[in-house]
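For reference, the structure is listed below as structure tokens.
The values are calculated or read from the model by the stated rules, or taken from the named source; none is laboratory data. It should be emphasised that the depicted structure is a prediction, and the values quoted were computed from it without experimental measurement. Every residue, glycine among them, receives a Cβ derived from its backbone with ideal geometry; neighbour counts consider all protein chains shown.
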């Protein structure tokens, strides 16, 4: 949900695609990593593949989103507003950073995130620190 | 003052998305739909090629040189385009999604860089070849068809060319955008 800016239909489509890819690639799973890491990799890569289906409408999506937030602000709880604002801030990140922070938000150990992304543990540690700061600042605005 | 930990706890408080009861059925349906779409594309492309080949013999294009070259160029351009598209779809399918994201991203960049080369070098050649073939056919169209139908063919093919060029330009723009985003 975080990857697609809270769009449930898109999230459902991607989930289905992930299931299909897991099924198709099951034979190639060699137990070099845990099954969860392997499935997370497929999920992150499938999200990356979605780039080709995206329309180049980032700016309009953002302004539409802001309008929605303003309209709904009164009826929604603070929790919901903050979540919406988090979705919007995550949406602003690059694809790679988006994946990393979503895995961090899910509570995955950084070592496993490094395993999924193929970056070094140290690089992930630094990257997560930077994204955490920018995300917190963005939500506070 | 909101900290990241506050955000994380808010994030985890989100209600879990309900698992649809007929989830597996939906996935099976989706797979069937994907296969159906691929089949439809293949059928459309094959039908176009068959129609052109049929037309080739129907107008006895092989009897005179110019229409023969014209039609051959058109069929050749179309066949090259179809072949490239098939190869492209195959190489996209061959990307290994189970690899670490960094490796997968490099594979994707490689795929899109190749697509960009195709778009900027091969596609213009294909379109030009197709147009040259069509222009070479025009005199025989003029000879064999009524003037109304001949004008119709000229206008409709120009419109088609413009529409197709816009469509291809949009596709190129989209793929360049993907490549730019991947390289970020």
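Where helices (runs of 4 or more DSSP H) sit wholly within region B:29-146, those with at least 3 residues that are closer than 30 Å to residue A:40 by Cα occupy B:65-93, B:101-117.
Each residue in region A:92-131 was checked for being in a helix (DSSP H, G or I), at pLDDT below 85 and more than 23 Å from residue B:97 (Cβ to Cβ), and 1 pass. Return yes or no: is residue A:36 modelled with pLDDT of 80 or more and more than 10 Å from chain B (Cβ to nearest Cβ)? For residue A:36, the condition - modelled with pLDDT of 80 or more and more than 10 Å from chain B (Cβ to nearest Cβ) - is met.
May I ask you to verify whether residue B:169 is over 19 Å from residue A:49 (Cβ atoms) and within 14 Å of chain A (Cβ to nearest Cβ)?
So residue B:169 passes the test.
Note on region B:74-116: residues that are touching a residue at least 40 places away in the same chain (Cβ under 8 Å), within 12 Å of another protein chain (Cβ to nearest Cβ) and either surrounded by 18 or more Cβ atoms within 10 Å (Cβ to Cβ) or out of contact with any helix residue (DSSP H, G or I) (no Cβ under 9 Å at 6 or more places or on another chain) (or both) total 4.
Table: residues versus (1) within 13 Å of the chain's Cα centre (by Cα); (2) within 17 Å of residue A:37 (Cβ to Cβ); (3) within 7 Å of chain B (Cβ to nearest Cβ).
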{"residue": "A:104", "(1), (2), (3)": "yes, yes, no"}
{"residue": "A:110", "(1), (2), (3)": "no, yes, no"}
{"residue": "A:113", "(1), (2), (3)": "yes, yes, no"}
{"residue": "A:116", "(1), (2), (3)": "no, yes, yes"}
{"residue": "A:121", "(1), (2), (3)": "no, yes, no"}
{"residue": "A:126", "(1), (2), (3)": "no, no, no"}
{"residue": "A:129", "(1), (2), (3)": "no, no, no"}
{"residue": "A:132", "(1), (2), (3)": "no, no, yes"}
{"residue": "A:140", "(1), (2), (3)": "no, no, yes"}
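Screening residue B:71 on (1) away from chain A (no Cβ under 14 Å); (2) buried (at least 18 other Cβ atoms within 10 Å of the Cβ); (3) modelled with pLDDT of 85 or more shows it passes everything except condition (3).
Would you mind stating whether residue A:28 is modelled with pLDDT of 65 or more, within 28 Å of residue B:111 (Cβ to Cβ) and within 17 Å of the chain's Cα centre (by Cα)?
Details: modelled with pLDDT of 65 or more: yes; within 28 Å of residue B:111 (Cβ to Cβ): yes; within 17 Å of the chain's Cα centre (by Cα): no.
So residue A:28 does not fit the description; no.
Contact map, region A:74-93: first residue facing chain B (nearest Cβ under 10 Å), second residue at pLDDT 80 or above, Cβ cut-off under 6 Å, separation 6 or more or different chains; pairs are A:89/A:135; A:89/A:138; A:90/A:98.
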